[in-house]
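Asker: Following this message is one structure expressed as structure tokens.
Taken together, the values in this text are just the output of simple stated rules run on the coordinates, not laboratory data. None of these values were measured; they are calculated from a predicted model. Cβ: placed from backbone, ideal geometry, glycine included. Neighbour counts: every protein chain shown.
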Amino acid sequence: MLIFAHRGISGHFPENTLMAFQAALDAQCKAIELDVYALQNQLVVIHDRQLARTTNGEGNLEDHTLESLSALDAGRGESVPTLWQVLQLVANKVVLNIELKGADTAELLIALLAKAQQELQLDLASIVVSSFNHRLLQQLRKLHSTLALGVLIAHRPLDNAAIASQLDACCLNCDRGFVDAELINDAHQRGIKVYVYTVNDAREARELAKIGVDGIFCNYPQEAQNWFAD
Ligand code: G3P
Ligand code: MG
């Protein structure tokens with residue numbers, strides 16, 4: 001079972017901050033998930049377009065400049081990081097699931113990953129790019145023929161994991177509410193892994209493991225390492 005530190009170790013640290021990502025590295029997490037929007041041609045790591053829940057700012061992301069965004073407190077004095085800052089911290093140390101939230105992120109991401117390959121020797125095999133925006137995944141596949149894609153879904157499709165095959169993805173990232181053996185078996189027959197969000201409960205995690213789920217997104221990844229010890 002691959003355990004993704006969801007938004008970093010967000011159960012104990014401010015989500016999507018360098019502090020939460022460093023904590024995941026310190027806890028020897030194997031995988032990290034984060035959320036990305038574009039702002040002024042840069043990729044920034046934040047979950048909500050509205051700033052109020054995770055920062056001391058107000059309004060929407062697009063009301064800000066990079067400079068004014070970076071002055072906000074995202075918790076315990078942390079600022080909203082750029083994706084580049086996170087890559088500098090975690091490149092090649094974990095599997096990094098970059099979830100694209102902003103619709104205008106594909107070209108910026110491809111350019112940033114190329115820069116990271118050059119300057120940080122980033123191994124692209126450690127990167128998975130996911131989105132609920134399936135058009136965006138389609139666009140990414142046209143821009144890059146081998147980048148690992150993850151199809152995020154919040155509903156149970158009639159045709160099981162077919163969408164992941166259609167988008168040439170490596171994984172189907174599903175809400176925990178509807179995952180069942182039929183969906184998982186269909187994904188596996190297609191060579192596609194199934195990751196489930198957001199699982200913070202040991203019993204639920206073990207049940208998902210029993211039916212063959214390959215990974216979970218968890219706000220308490222350090223604790224979760226013990227859930228599968230036996
Ligand atoms: O990528 C898994 C999960 O993070 C998707 O939902 O809303 O937490 O970004 P959300
Ligand atoms: Mg996410």
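Asker: Beyond 27 Å, what percent of the Cα pairs of segment 2-227 remain?
Answerer: Summing the P(r) of segment 2-227 above 27 Å gives 31 percent of all pairs.
Asker: Based on the alpha-carbon gyration tensor of segment 1-125 and its eigenvalue square roots a ≥ b ≥ c, which shape applies: rounded if a/c is under 1.5, prolate if not and a/b is larger than b/c, or oblate?
Answerer: In terms of gyration-tensor shape, oblate.
Asker: Can you check what the net charge comes to around Gly102, using other residues whose Cβ is under 12 Å from the Cβ of Gly102 (Lys, Arg +1; Asp, Glu -1)? Provide the component values of the computation, followed by the final result.
Answerer: On the way: positive: Arg49, Lys101; negative: Asp35, Asp48, Glu62, Glu99, Asp104, Glu107.
Net of charged neighbours comes to -4.
Asker: Sort out the exposed loop chymotrypsin sites (Phe, Trp or Tyr not before Pro) in the chain (DSSP loop, at most 14 other Cβ within 10 Å) and tell me the longest stretch that has none.
Answerer: 1-131
Asker: Applying 1/(1 + (r/R0)^6) with R0 = 35 Å to the Cβ-Cβ distance of Ala209 and Asp48, what FRET efficiency is obtained, to the nearest 0.05? The partial results should precede the final answer.
Answerer: Working: r = 30 Å, r/R0 = 0.87.
The computed FRET efficiency comes out at 0.70.
Asker: Post the alpha-carbon centroid distance, segment 41-65 to segment 104-155, in whole angstrom.
Answerer: So the separation of the two Cα centres works out to 21 Å.
Asker: What number comes out for the charge environment of His188, summing +1 per Lys or Arg and -1 per Asp or Glu over other residues with Cβ under 12 Å away?
Answerer: Net local charge, His188 excluded: -1.
Asker: Write down the percent of antiparallel bridges among all DSSP beta bridges whose residues are both part of segment 2-227, to the nearest 5.
Answerer: On the way: 6 of 38 bridges.
The antiparallel proportion sits near 15 percent.
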